[in-house]
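K.L.:
One structure coming up, written as structure tokens, with questions to follow.
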Amino acid sequence: MDQNGKKGVPLTADRLSVFCYQLSLMQRAGISAEEGVSTMLGDAGAEWEKHLLSAVLDRLSAGEPLDRALSAASVFPDYLLRMVEIGQASGRLDRVLSALSGYYRREAAIQGAIRRTVAYPAMMTALITFVFLVLLAKVLPVFQGVFAQLGMSLPPVAAALMKLGSAGGTIAVVLAVLVLAGALALFALFRTRKGTEAARRLGQKLLKNSAVTRAVDRSRFASAMALMLSSGLPLDEAVERTARLLEGTGLEPLLRLCRAEMERGALFPTAVERAGILDGLPAGLLAAGFRAGVPEQAMEELADRCREEADERLGRLLGRVEYVLVLA
């Protein structure tokens, strides 16, 4: 159930992060999942949130485990449900929930960066188009009158634009209204869950096979691996689950190569480097973490560094687009 009360619409990454963090705090304090959800229900303010937590609490009160209670709500992603199930089976539910909170916090940051990369140029284009049409329809005629009073003529380019503005005044007004309506619709779209998801898909298509996309994919790879390893999963299973999570991305074929290298006996850091997933300093950091016996910490550090790289690359891309629009 989303913030509008519609059942079956997945929660945003931000909300998933907060939900997991709240439950992890309860688990660390020795509070059961049922008591924890009951406490969260008492603190809930929004009506949709109360309905959601009530549905989960009813399942928990009936004796169902947390993963099944969450699954019945139809708003939690399969990835979260599988990890909660693993946490329950391994007795590390508090650590899994805490790791999930960090994972979805990073996902929210990545989605926000992609959304800004798509939304800002679109809004700037709409604004520039609107201003240009207003110039054609309203401003140039004023200059024409001034030039006529002075007994002068407009330069050829300005005269051509003037004719376009005079002949197409009505068209210019219609186009301006359409552009403004499009900008408002775009703004409203980005405030909805479906609009955010559409922006994410559009961003992925526009940035496919780019350095930005590779940085984003590497961040998700490192974040997912950190979560898996901190949950106590064996390394082979962690790599397999991470590969399924990243299906359809540019890292999918590289992860297949990584698994093949591991099957031939290569250590995980070596396999990752040979497959081309990481290289240089990041690969060295990963190898050092595995040698020191703290692989999950190394993966978390890599996830943060890759996310920062993705943000930086997205920022540079956004700057280039802005320069082009200003020049136009």
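K.L.:
Consider segment 43-52. How many of its residues are over 25 Å from the mean Cα position of the chain (by Cα) and open to solvent by less than 20 Å² (accessible area, probe 1.4 Å)? Step through it out loud before you land on a result.
P.N.:
Filtering segment 43-52 down to residues over 25 Å from the mean Cα position of the chain (by Cα) leaves 43-45, 47, 50-51.
If we keep only those that are open to solvent by less than 20 Å² (accessible area, probe 1.4 Å) as well, we get 44.
So the answer is 1.
K.L.:
Which fully enclosed helices (runs of 4 or more DSSP H) of segment 92-171 have 3 or more residues being modelled with pLDDT of 75 or more? Spell out how you get there, then give the answer.
P.N.:
Working: elements: 93-134, 140-149, 156-167.
Output list reads 93-134, 140-149.
K.L.:
Could you check how many residues of segment 270-286 are within 14 Å of Ala226 (Cβ to Cβ) and open to solvent by 20 Å² or more (accessible area, probe 1.4 Å)?
P.N.:
2
K.L.:
Out of the residues in segment 220-244 that are within 21 Å of Gly293 (Cβ to Cβ) and small (Gly, Ala, Ser), which is most open to solvent (accessible area, probe 1.4 Å)?
P.N.:
The selected residue is Gly232.
K.L.:
Moving on to the next point. Please give the helices (runs of 4 or more DSSP H) falling wholly within segment 228-328 in which 2 or more residues are of a type outside the set (A, V, I, L, M) and under 20 Å from Arg105 (Cβ atoms). Talk me through it step by step, then tell me what you get.
P.N.:
Values: elements: 235-245, 252-263, 268-275, 280-291, 295-327.
Answer list for segment 228-328: 235-245, 295-327.
K.L.:
Related question: Please go through segment 63-76 and give me each residue that is open to solvent by 40 Å² or more (accessible area, probe 1.4 Å) and farther than 13 Å from Val37 by Cα, ordered by number.
P.N.:
If the condition is that a residue be open to solvent by 40 Å² or more (accessible area, probe 1.4 Å) and farther than 13 Å from Val37 by Cα, then Gly63, Glu64, Arg68, Ser71, Ser74 are the ones that fit.
K.L.:
Against the definition (hydrophobic (A, V, I, L, M, F, W, C) and in contact with a helix residue (DSSP H, G or I) (Cβ under 9 Å, 6 or more places away or on another chain)), how does Ala55 come out, yes or no?
P.N.:
Judged against the criteria, Ala55 is a match.
Okay, residues lined up against (1) at pLDDT below 85; (2) not hydrophobic (A, V, I, L, M, F, W, C):
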| residue | (1), (2) |
| --- | --- |
| Arg241 | yes, yes |
| Glu261 | no, yes |
| Arg274 | no, yes |
| Pro282 | no, yes |
| Leu286 | no, no |
| Gly289 | no, yes |
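K.L.:
A further question on this structure: Determine whether Val75 is part of a helix (DSSP H, G or I) and aliphatic (A, V, I, L, M). Talk me through it step by step, then tell me what you get.
P.N.:
Details: part of a helix (DSSP H, G or I): no; aliphatic (A, V, I, L, M): yes.
Taking the combined requirement at face value, the residue does not satisfy it.
The values are calculated or read from the model by the stated rules, or taken from the named source; none is laboratory data. Computed from a predicted model, the values in this text were never measured in an experiment. Cβ: placed from backbone, ideal geometry, glycine included. Neighbour counts: every protein chain shown. Side chains are part of the model used for accessible areas, which takes the heavy atoms of the whole protein and leaves out ligands, DNA and RNA. Shrake-Rupley method; radii C 1.70, N 1.55, O 1.52, S 1.80 Å.
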